[in-house]
Amino acid sequence: MPLTEADVERDVMAWFNDAWDPDLSLLEWRERLVASGWAAPSWTEDWFGRGLPAWSDRTAHSAIRQAGGVATPLGGGVGLAAPTMYDHASDDLKRKYLRKTLTGELTWCQLFSEPGAGSDLAGLQATAQRDGDEWIVNGQKVWNTSADHADMAILVARSDWDAPKHAGMTYFLLDMHQPGVEVRPIRQMNDHASFNEVFLNDVRIPHENVVAEVGSGWGVARGTLAHERSYAGNRSVKFAENASGRVVDEARQEAAEYNKTYKWYPQRQGRVDLVTERAQNTVAGRDPVNRQDMMRLLSLHRTAEWTAGRAKAARDLGRPPGSEGSIGKLALSEVARQSNHVHGSLSGATGMLSQTDDPLDATVAEILISTPAQSIAGGTDEIQHNILGENVLGLPKEPAPDRGKPFREVGR
């Protein structure tokens, strides 16, 4: 008889009711959670799991939280680094980093994009040169969330300039606290500073911190990006109303600190939830053209939610990422653009003011300068169109004059 969500909920609650101690520290509780296998039940028993289906992680964590407990930490450690290590890293690296990542003892950031290699990640130029049992890395990374306080980083760098660009990259685990790592915050036009740029100057990485094989970084990075699509929709956590105790207090503080980075993300997505209220309180809301634009936006937003729901259901069932991810990303970009237009039409000139008697004006002003980021972050609209065209519709690949050439011969 196949395993059901009710089976998982029953089993995890049987363990939780016996193990829960709200007076423990957050780290002590998560050590207990990891040891039980319920921190990552979809992983094998050898690596802190229970060998259950992929959907069991969500089910178990939800049941623990609903019962007033605390599950794994938010962030790129559990969302990106840990599953990538689980899929590709050596046993030595797993033993060294997985447990501490699941407990939140180690925090992580992602060092992929560069000033000249954003959408075309394979065009990166940060260089890794072998020096005995170490690698020396030089280069610049950008748009790095949490780099200003991360303990570790997942890093892709070019280790072979004579190989084609997709074949000459290697994936590393980097200690962010070592000499040669310089992190600078980036001030955005909406006055937030969620991202950083990172400069790597003769940074040394032990060879044992290579994930998978030298030169296989592109394949490993694609695995990380696949995990990123599901992680991107899981940046918040709800605690039960009756949750209390030292564990919960520390977890709430941890989550609040983490979410500071993303406090402007609702504005980036367009704040469709504010459109109806805004229309009811403005003369422009009675304009028939504006009302038609509003209904178009609300309809698009609802269909985008359905697509996101299908993608989430597929991930929970352990299916590989499909077209829903790219379609959903494009839909969110269009929702953001239409929201920008509707909010601008309803607010008029006051939508440009960040300080007025109406606090909603300031929110609209932030929306208008934040929504352009939606069509860029996480893979530009152009990249999503290419993915759908090539992988779903079967269209020919984009012309690539650099295909097969040594990277050092590729024009930059």
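Points worth noting:
- Tabulated pairs, region 289-302, first over 21 Å from Gly328 (Cα atoms), second in a helix (DSSP H, G or I), C-beta under 7 angstrom, 6+ apart or interchain: Asn290/Ala284; Asn290/Ser345; Asn290/Leu346
- Of all the listed residues (Ala39, Ala117), the sole one being of a type outside the set (Ser, Thr, Tyr), modelled with pLDDT under 95, under 21 Å from the mean Cα position of the chain (by Cα) and crowded, with 20+ Cβ neighbours inside 10 Å is Ala117.
- Residue in region 10-30 that is nearest to Asp249 (Cα to Cα), counting only those that are buried (at least 18 other Cβ atoms within 10 Å of the Cβ) and charged (D, E, K, R): Arg30
- The criterion of at least 3 residues that are within 19 Å of the chain's Cα centre (by Cα) is met by the following strands (runs of 3 or more DSSP E) wholly inside region 167-216: 169-175, 195-206.
- Lys165 closer than 30 Å to Trp55 by Cβ and modelled with pLDDT under 95: no
- Pairs where the first residue, in region 16-39, is under 20 Å from Leu52 (Cα atoms) and the second is exposed (fewer than 14 other Cβ atoms within 10 Å of the Cβ), C-beta under 6 Å, 6+ apart: none
- Qualifying helices (runs of 4 or more DSSP H) (wholly inside region 45-160; at least 2 residues being in contact (Cβ under 8 Å) with a residue 12 or more places away in the chain and within 19 Å of Ala255 (Cα to Cα)): 56-66, 91-103
- Options His192, His227, His207; residue that is buried (at least 17 other Cβ atoms within 10 Å of the Cβ), closer than 27 Å to Met85 by Cα and not hydrophobic (A, V, I, L, M, F, W, C): His227
- Candidates Ser339, Ser375, Ser323, Ser354 - the one that is more than 30 Å from Phe112 (Cβ to Cβ) and not assigned by TED's automatic domain parsing to the domain that holds Ala193: Ser354
- Considering the conditions (1) of a type in the set (Lys, Arg); (2) assigned to a helix (DSSP H, G or I); (3) in contact (Cβ under 8 Å) with a residue 12 or more places away in the chain, Lys260 is excluded by exactly one of them, (3).
- Residue within region 73-94 that is at positive phi, modelled with pLDDT under 95 and crowded, with 17+ Cβ neighbours inside 10 Å present: yes
- Among the conditions (1) at pLDDT below 95; (2) in the same structural domain as Phe112 (by TED's automatic domain parsing); (3) not in a helix (DSSP H, G or I), Asn242 misses just one, which is (2).
The values are calculated or read from the model by the stated rules, or taken from the named source; none is laboratory data. Since this is a predicted model, take the numbers as computed values, not measurements. For neighbour counting, all protein chains shown are included, and Cβ atoms are generated from backbone atoms with ideal geometry for every residue, glycine included.
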